[in-house]
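Beneath this line is the structure, given in structure tokens, with notes to follow.
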Ligand SMILES: C[S@@+](CC[C@H](N)C(=O)[O-])C[C@H]1O[C@@H](n2cnc3c(N)ncnc32)[C@H](O)[C@@H]1O
């Protein structure tokens, strides 16, 4: 049984935090946004972002903190591959309640030990996009996919103009990584139309062998086949 811990309002939506046996769940207007019982694909998203970070001092934007699994996995992978303090990470989370709960309930240990190179900021991820930006990596997990939105305002991120804005916010060899609950071919076509090279990774779900989530990698320059093979990406 989930225990209700707290609720808040976020841009007109009601947001609730629940806990069960040390795991947390966030609901928005009663709809499950993130459940700590299932985080394999959030882990894989952070891991893949860390594996694809090739710049000496990568600048990484993470859209959506949620329960922080993606951030934790990104930091762990960077720690193994490069010194994490060489990377500068900005996590844009639009809900002040989620940011507060992260430090008080969800993962106080990680929150207390984040290096100054990791900034958790209360803002819409879109505020960090623009032609004056040069992110090496943008990691987007603000919805359950380009068509399953946590808020209607996010739709613009996945439309042609939003994708072009993401492209222009990336360094020339940068990547945009997205989590999605299901294949979205019209989205892939739009991404290709604005010049992205699109690869994907299927994430089998533990205990649900008939289902898989997907990670999309949208790259300004096509990845070499050696890099694709190294991180298990398919065209
Ligand atoms: C599915 S959860 C993220 C899960 C996260 N990857 C994890 O490991 O737990 C989505 C998060 O994105 C936030 N969010 C939704 N739209 C946003 C936006 N436009 N900008 C910033 N954060 C946003 C939500 O408040 C929520 O915390």
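The values are calculated or read from the model by the stated rules, or taken from the named source; none is laboratory data. What you see is a predicted model, and the numbers here were worked out from it, not measured in a lab. When we count neighbours, we look across all protein chains shown, and the Cβ atoms used for this are built from the backbone with ideal geometry, even at glycine.
Assorted remarks:
- The helices (runs of 4 or more DSSP H) located wholly in region 100-195 that include 1 or more residues which are without any contact (Cβ under 8 Å) to a residue 12 or more places away in the chain, surrounded by fewer than 14 Cβ atoms within 10 Å (Cβ to Cβ) and touching a strand residue (DSSP E or B) at 6+ places or on another chain (Cβ under 8 Å) occupy 185-193.
- Test: residue in region 16-37 that is over 13 Å from the mean Cα position of the chain (by Cα) and closer than 28 Å to residue 168 by Cβ: no
- Whichever residue in region 48-81 is closer than 11 Å to residue 139 by Cβ and assigned to a helix (DSSP H, G or I) and, among such residues, is farthest from the ligand (Cβ to nearest atom): 52
- Among residues of region 48-69 that are touching a residue at least 60 places away in the same chain (Cβ under 8 Å) and farther than 14 Å from residue 176 by Cβ, those with a beta-carbon under 7 Å from a residue that is within 8 Å of the ligand (Cβ to nearest atom) and assigned to a loop (DSSP other than H, G, I, E, B) at least six positions away or on a different chain give the pairs 66/141.
- From the options 148, 97, residue that is modelled with pLDDT under 90, within 15 Å of the ligand (Cβ to nearest atom) and out of contact with any helix residue (DSSP H, G or I) (no Cβ under 7 Å at 6 or more places or on another chain): 148
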